[in-house]
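Data block below; observations after.
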Amino acid sequence: NAGVTQTPKFRILKIGQSMTLQCAQDMNHNYMYWYRQDPGMGLKLIYYSVGAGITDKGEVPNGYNVSRSTTEDFPLRLELAAPSQTSVYFCASTALAGGYEQYFGPGTRLTVT
Amino acid sequence: DAKTTQPPSMDCAEGRAANLPCNHSTISGNEYVYWYRQIHSQGPQYIIHGLKNNETNEMASLIITEDRKSSTLILPHATLRDTAVYYCIVRRQGGSEKLVFGKGTKLTVNP
């Protein structure tokens, strides 16, 4: 299994541009999450999904959108990028049962200038 | 806000046990203690979790006090690759339950 994969690894955006961060998992996990991590800080939850077609907001959803059309994929859309969205973005997933431990991807480092 | 308190940093000699403390005095009866770590620039990695009994897996041991107000993560033989930020998180089980990350403990394993 590849686990949780994210693309791209790095990206520089200009203010006002848009982009989609890709996340995929091959573990057949129902739950998927997007977090952001600012320098020296812990992770903050942006959005999460409990299954295909179902998404919900986390702590810091403003400026982002998500969709979940398949179990495997959970893309994060940034519209009108702002410098405050400069961060490292992590995607995670967890199974429906068991210990609900979350498995994280390697992250996407985004800079908005 | 995170419901846990951890020291900001700790040091450990390579080959020795690393004991990382965590206080969670307001933990509820149905909340578990989870530990994750984050090696520089990588995604967080799940280590272990427990409710009230001590737990052990191939990575670490988790000791939870009888009153459940604190716990200790033990890495029995720390290596240089264990240098990371360690996060102690309390949460209920369930996919909709948030992981709230505080600032964690930066563990440095020295040769």
Query raised in the report: How many of the residues in the range A:53-93 are under 25 Å from B:Gln45 (Cβ atoms) and of a type in the set (A, V, I, L, M, F, W, C)?
Result: 8
Report task. Scan the range B:43-90 for residues that are surrounded by 14 or more Cβ atoms within 10 Å (Cβ to Cβ), of a type outside the set (Lys, Arg) and away from chain A (no Cβ under 14 Å) and report the count. Result -> 12
Query - Tally of residues being away from chain B (no Cβ under 14 Å), without any contact (Cβ under 8 Å) to a residue 60 or more places away in the chain and either surrounded by 13 or more Cβ atoms within 10 Å (Cβ to Cβ) or closer than 22 Å to A:Thr111 by Cβ (or both) across the range A:49-84 - result: 12
Query raised in the report: Can you tell me which residue in the range B:91-111 is surrounded by the fewest Cβ atoms within 10 Å (Cβ to Cβ), limited to those that are under 14 Å from the mean Cα position of the chain (by Cα) and part of a loop (DSSP other than H, G, I, E, B)?
Result: B:Lys103
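Values in this text are rule-based calculations from the coordinates and carry no lab data. As the structure is a computational prediction, the values presented were derived from the model and not from experiment. Positions of Cβ are generated from backbone atoms using ideal geometry, with glycine treated the same way; all protein chains shown enter the neighbour counts.
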